[in-house]
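Below is one structure, written out as C-alpha cells; the observations come after it.
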Amino acid sequence: MRVAVVGATGYSGVEVIRLLQYHPRIELVKVFSSSQDGVPLRRVFPHLTNIFEKELTLIQEQELIEGVDAVFFATPSGISKEWIPALIDAGVTCIDISGDFRLDVDSYKEWYKKEPAPSQYLEQAVYGLTEVYEAKVKEANLLTNPGCFPTASLLGLAPILKTDWINQNSIIIDAKTGVSGAGRGASLGTHYSELNDNLKAYKLGVHQHIPEIERYASEIAGSPIQVTFTTHLVPMTRGILSTIYVDLAASKQTDEIIELYKDYYKHSPFVRIRPEGEFPSTKEVYASNYCDIGLLADPRTGKLMIISVIDNVVKGAAGQAIQNLNVMQGWDQTTGLLHTPIYP
Ligand SMILES: NC(=O)C1=CN([C@@H]2O[C@H](COP(=O)(O)OP(=O)(O)OC[C@H]3O[C@@H](n4cnc5c(N)ncnc54)[C@H](OP(=O)(O)O)[C@@H]3O)[C@@H](O)[C@H]2O)C=CC1
Ligand SMILES: CC(=O)N[C@@H](CCC(=O)OP(=O)(O)O)C(=O)O
C-alpha cells in the first residue's frame with residue numbers, strides 16, 4: 001500500500017514516518033509540507049539520514065491523489081478539512097490526526113472557534129478509538145484519530161462506563177502531558193526556562209478535548225456524560241498520565257474491577273491491565289503503542305481511581321493512526337507496531 005504524510009515536518013508526522021520504517025506492508029511514497037518544497041526531509045530531521053531520503057513537496061490536490069492509496073494528515077486544526085473532502089471523493093483513504101473531524105458542526109465551532117468541515121464528511125468520519133470501535137473502523141475510509149488526552153481517558157473509562165457500578169456524573173479526569181503534545185513550533189509557554197523545573201495547569205474549562213471526551217464517553221455509556229477535566233504541562237518530552245476519579249455506586253473490590261477490565265480488553269493487544277497494587281508510569285510505555293492501566297477501588301472513600309498512561313505521539317497520535325489503517329485494511333492491528341517501550 002502506498003501512503004503519504006502531510007505535515008511531515010511536525011512531531012506527529014515524523015513519528016508516522018519513523019513507525020512506517022517497521023511496517024512490512026506500507027510504502028511511504030510522498031511527504032508534504034506547506035512551507036518547504038524540494039527540501040530533503042533529512043535536512044529538517046538529520047536523524048533520518050540514510051533511513052528516509054525523500055524530499056518534501058508542497059501540498060497539492062493532484063499530488064495527494066496520484067499514486068497514493070492513503071494519506072495521513074498530521075497538521076494543525078483547520079487544515080485537513082480543506083483537503084480531505086476532495087481526496088475522499090477521489091477514492092483516497094484519509095486518516096486525520098488533527099481534531100477536524102472528531103466533533104459535530106456546532107461543537108467544532110464552539111470549541112475550535114473555526115468553520116467546521118462540511119457536515120456530510122463529519123458524519124462519514126469514523127472515530128478511531130480502535131479498542132472500542134473496531135467494527136466501525138473496519139468499514140471506514142475517512143478515519144478521525146482520537147486526541148491524545150481522549151485516548152488515555154476513554155480507554156481508562158470504557159469498561160466501567162458499560163456497567164452500573166459508578167455514578168456516571170462523578171467523573172474527574174486529572175491529566176498531565178509532556179511538552180511534545182504542543183507540537184514542534186516554539187512558544188512562550190513551552191520554551192525551556194518557562195517549562196523546566198515547573199508544573200502548570202492550562203486550558204482549564206476551555207480545552208478542546210472536553211467535548212470529545214464527553215461525546216464518546218456518552219456514546220460508550222449510552223447516556224449523557226459530563227466530566228471535569230484538567231490538563232497539566234510537565235517538564236518531560238513524551239507521555240500522558242491521566243488520573244481518573246469516579247464515585248462507585250456499588251460496593252466493588254479492586255480485583256472485581258481488574259477482572260472487568262481484563263475481560264473488556266481481552267482482544268486488545270495494546271491495552272495492558274496491571275495487577276492489583278501496581279500503577280503504570282509514562283516511561284513504561286515510552287515510544288510504544290501501549291496504553292497501560294492501573295486500578296484501585298478505595299473502600300474508605302468509595303472512589304475508583306484509574307491511572308491510564310500512553311505515549312502521546314505514538315498511541316495518542318501516529319501509532320494509533322497506523323493501528324487504525326491496519327484495521328481498515330483487514331490486517332492484524334499490531335502489524336509494524338509491536339515495539340517494546342524504550343527504557344529507561
Ligand atoms: N503532538 C502530539 O502529541 C499530538 C498531536 N495531535 C494533533 O496532530 C496535529 C499535528 O500536531 P504536531 O505534530 O504536534 O504539530 P507540529 O506543530 O509539530 O507539526 C504540524 C505540522 O503541520 C504543518 N503545517 C503548519 N501549518 C500548515 C498549514 N497551514 N497547512 C499545512 N500544513 C501546515 C507544519 O509543517 P510545514 O510548515 O512544513 O507545513 C508542521 O510540520 C495537530 O492537529 C495536533 O493537534 C494529536 C495527538 C497528539
Ligand atoms: C501540551 C499541549 O499543548 N498539548 C495539546 C495536545 C493537543 C493535541 O494533541 O491535539 P488535538 O487537539 O489534535 O488532539 C493540548 O493540550 O492542546
TODO: Being basic (Lys, Arg) and either within 21 Å of Gly319 (Cβ to Cβ) or buried (at least 16 other Cβ atoms within 10 Å of the Cβ) (or both) narrows it down to one of Lys176, Lys162, so name that one.
DONE: Lys176
- [ ] Would you confirm whether any residue within the range 260-271 is within 15 Å of Leu155 (Cβ to Cβ) and either within 16 Å of ligand 2 (Cβ to nearest atom) or of a type in the set (Gly, Ala, Ser) (or both)?
- [x] yes
TODO: Would you check if Lys283 is in contact (Cβ under 8 Å) with a residue 60 or more places away in the chain, basic (Lys, Arg), surrounded by 16 or more Cβ atoms within 10 Å (Cβ to Cβ) and touching a strand residue (DSSP E or B) at 6+ places or on another chain (Cβ under 6 Å)?
DONE: no
- [ ] Identify, by number, the condition in (1) closer than 29 Å to Ala74 by Cβ; (2) assigned to a loop (DSSP other than H, G, I, E, B); (3) touching a residue at least 12 places away in the same chain (Cβ under 8 Å) that Ala250 doesn't meet.
- [x] (1)
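Let's see how each residue does on (1) away from ligand 2 (no atom under 11 Å from the Cβ); (2) in contact (Cβ under 8 Å) with a residue 40 or more places away in the chain:
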site	(1), (2)
Leu122	yes, no
Val126	yes, no
Leu142	yes, yes
Asn145	no, yes
Gly156	yes, yes
Trp165	yes, yes
Ala175	no, yes
Asn198	yes, no
His207	no, yes
Open item on the list: Against the definition (more than 15 Å from Ala217 (Cβ to Cβ), away from ligand 2 (no atom under 13 Å from the Cβ) and in contact (Cβ under 8 Å) with a residue 40 or more places away in the chain), how does Leu161 come out, yes or no?
Closed with: no
Open item on the list: I'd like to know if the range 177-195 contains one or more residues that are touching a residue at least 12 places away in the same chain (Cβ under 8 Å) and away from ligand 2 (no atom under 13 Å from the Cβ).
Closed with: no
TODO: Could you tell me whether any residue of the range 206-215 is under 30 Å from Lys262 (Cβ atoms) and among the β-branched types (Val, Ile, Thr)?
DONE: yes
Task: Enumeration of residues in the range 29-46 that are away from ligand 1 (no atom under 13 Å from the Cβ) and crowded, with 19+ Cβ neighbours inside 10 Å - done: Lys30
- [ ] Please go through the range 12-29 and pick out each residue that is over 27 Å from Gly178 (Cα atoms) and out of contact with any helix residue (DSSP H, G or I) (no Cβ under 7 Å at 6 or more places or on another chain).
- [x] Pro24, Arg25, Glu27, Val29
Task: Selection within the range 67-96 - within 21 Å of Val327 (Cα to Cα), more than 16 Å from ligand 2 (Cβ to nearest atom) and crowded, with 17+ Cβ neighbours inside 10 Å - done: Val68, Ala70, Val71, Leu87, Ile88, Val92, Thr93
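Residue by residue, here is whether (1) assigned to a helix (DSSP H, G or I); (2) under 26 Å from Glu15 (Cβ atoms) holds:
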position	(1), (2)
Asp263	yes, no
Ser268	no, yes
Glu276	no, no
Pro280	no, yes
Asn289	no, yes
Gly294	no, yes
Gly316	yes, yes
Gln320	yes, yes
Open item on the list: Here is a check on your reading of the model: is Pro235 free of Cβ contacts under 8 Å to residues at least 40 places away in the same chain and farther than 12 Å from Ser153 by Cβ?
Closed with: no
Task: Extreme residue, nearest to Leu154 (Cα to Cα), among residues of the range 180-217 that are surrounded by 20 or more Cβ atoms within 10 Å (Cβ to Cβ), within 16 Å of ligand 1 (Cβ to nearest atom) and hydrophobic (A, V, I, L, M, F, W, C) - done: Ile213
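Taken together, the values in this text are just the output of simple stated rules run on the coordinates, not laboratory data. No experiment lies behind these values; they were computed from the predicted model shown. All Cβ positions, even for glycine, are placed from backbone atoms using ideal geometry, and neighbour counts span all protein chains on display.
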